[in-house]
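One structure below.
The values are calculated or read from the model by the stated rules, or taken from the named source; none is laboratory data. Quick caveat: nothing in here was measured; it's all calculated off a predicted structure. Here Cβ is always computed from backbone atoms with ideal geometry, including for glycine, and neighbour counts include all displayed protein chains. Surface areas here come from the heavy atoms of the whole protein model, side chains and all, with no ligands, DNA or RNA. Shrake-Rupley method; radii C 1.70, N 1.55, O 1.52, S 1.80 Å.
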Amino acid sequence: MIDCELPRENPNDPEIAEILRSAKTIAVVGISHKEHRDSHKVAKYLKEQGYTLIPVNPKYKEVLGEPCYPDLASVPMKIDIVDIFRNIEAIPGIVDEAIRVGAGCVWMQLGLAHNESAEKARAAGLKVVMNKCTKVEHHRLLGDGRKE
């Protein structure tokens, strides 16, 4: 088991706002079809804000009316943000996959930080956000509705 870490480095508020403002597609890895789960609530919010939602979970065929993919490699479009809702042990593999598919950003949800994987992603040119919620940060920095 990997110990919980604190992020050694994270973007500042203007950088996070720009990541969210410039993104069009968000892959939610580990999404649940259960409405009470955080991954479902966050994905629903992001879809309502105008992002193209890409559910990623091998257990489902569809979530929130969108086709659900078993992994990032199966997604047929460019992914701007990989939003991770998986346990800490899964993060290195997800980050490797995000690098392989050319994602723009790896976002580790609240309670998730993996500094070694973050450094690897940054070295490959990806932006990295750790231990923050996309829904909370979007609402806090951009308010209701997409700011274009």
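If you count only protein heavy atoms with a 1.4 Å probe, what accessible area per residue comes out for segment 41-148, rounded to a whole Å²? Mind dumping the intermediate values first?
Values: 5010 Å² over 108 residues.
It amounts to 46 Å² per residue over segment 41-148.
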Run the simple label-point estimate for Arg100 and Ala124 please: 7 Å along Cα→C-beta, distance reported in nm. 0.9 nm
Report, in debye and to the nearest 20, how large the dipole of segment 13-142 comes out about its Cα centre when Lys and Arg carry +1 and Asp and Glu carry -1 on their Cβ. 260 debye
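Quick one: compute the contact order of the chain, relative version, from alpha carbon pairs under 8 angstrom and 6+ residues apart, as a percent. Each step should come with its number before you reach the end.
Values: 265 pairs, mean separation 40.7, N = 148.
For the chain, the relative contact order is 27 percent.
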How much accessible surface area, in Å² rounded to 10, belongs to the heavy atoms of Glu18 with a 1.4 Å probe? 90 Å²
Which residues qualify? For Cys68, with a placed amide H closer than 5 Å and at least 5 residues away or on another chain, they are Glu62, Val63
Using a 1.4 angstrom probe on heavy atoms only, work out the carbon and sulfur share of the accessible area of the chain in %. 50 percent
Listed by chain and number, the residues whose amide H is under 5 Å from that of Thr52, excluding neighbours fewer than 5 places away on the same chain and using placed H, are Thr25, Ile26
Simple SL model, points at 7 angstrom along Cα→Cβ for Glu66 and Asn131; separation in nm is 2.7 nm
Once amide H atoms are placed 1.01 Å from N in the peptide plane, what residues at a sequence separation of 5 or more from Val128, or on another chain, have their amide H within under 5 Å of its amide H? Val106
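Under the rule a/c < 1.5 gives rounded, and otherwise a/b versus b/c splits prolate from oblate, where does segment 3-148 land using the Cα gyration tensor? Before the final figure, lay out each step's value.
Details: a/c = 1.38, a/b = 1.09, b/c = 1.27.
The shape class here is rounded.
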So how much accessible area does Tyr69 have, in Å² to the nearest 10, using a 1.4 Å probe? 50 Å²
State the antiparallel share, in %, of DSSP beta bridges confined to segment 4-148, rounding to the nearest 5. 10 percent
Residue-averaged 222 nm ellipticity for the chain, from DSSP H runs of 4+ at -39500 (n - 2.57), nearest 500: -10000 deg cm²/dmol
Across the chain, how many lysine pairs, 8 or more apart or on two chains, come within less than 13 Å at their alpha-carbon atoms? 8
